[in-house]
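What follows is calculated from the coordinates using simple rules that are stated; it is not laboratory data. This is a predicted model, so every value here is computed, not measured. Counting neighbours? That spans all protein chains shown, and the Cβs are built from the backbone with ideal geometry, glycine included.
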Amino acid sequence: MKIAWDIDHTLVLSNKEPQPVTIRVDDDPLLNPVVVGREEDVTILVTGRSYLYWRDTYDMLLSLGLKDVKQMCFNHKELYTQHHIASMKSAHLRAIEATHYVEDNPHYREVMCGYWDGECISSKEWMEL
């Protein structure tokens, strides 16, 4: 089993309203409570975030206690349409041979199923694996 995680509003949460699309350090990020105590199980991230922000993203994840991240796959174009993001994420998931993708937005899980044939699950479903 090879599990990849989405970052914003799945792995990393924020209480800031309105919710930002991309959570930043100044949004008072917090780790999804289902991950607390299992931080070492989160090793692969696939995100729609631009690769231009990889360092800020990595630093934020370290500050949240995620020290075992081995691979982060980013959006390499400044394009954020649903089709582009789903295509890009599914290409990354196929390339790394992921079996599961953790995404807490139920609408987006459904979208991903149209682009990728792996298992799109919620973070609560991940707890049961």
Candidate cut points under GluC sites (Glu not before Pro) in segment 83-114, DSSP loop plus at most 11 other Cβ atoms within 10 Å of their own Cβ, are Glu97
Expressed in nanometres to one decimal, the distance between label points 7 Å along Cα→Cβ at Glu39 and Asn15 is 2.0 nm
The answer for GluC sites (Glu not before Pro) in segment 1-86 that fall in a DSSP coil and have at most 13 neighbouring Cβ atoms within 10 Å is Glu78
Full extension between Val25 and Ser50 adds, at 0.36 nm per residue less the Cα distance, a length in nm of 7.4 nm
Expressed as a whole-number percentage, the relative contact order of segment 1-127 with C-alpha contacts under 8 angstrom and at least six residues apart is 29 percent
For Cys120, other-chain or 5+-apart residues with amide H closer than 5 Å (H placed, Pro excluded) are Tyr101
Candidates Leu62, Leu45, Leu11; GNM for the chain (alpha-carbon contacts under 10 Å) flags as most fluctuating Leu62
Candidates for percent of Cα pairs over 26 Å apart are (i) 13; (ii) 29; (iii) 39, and the calculated one carries label (i)
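Can you give the % of DSSP beta bridges in the chain that are antiparallel, to the nearest 5?
15 percent
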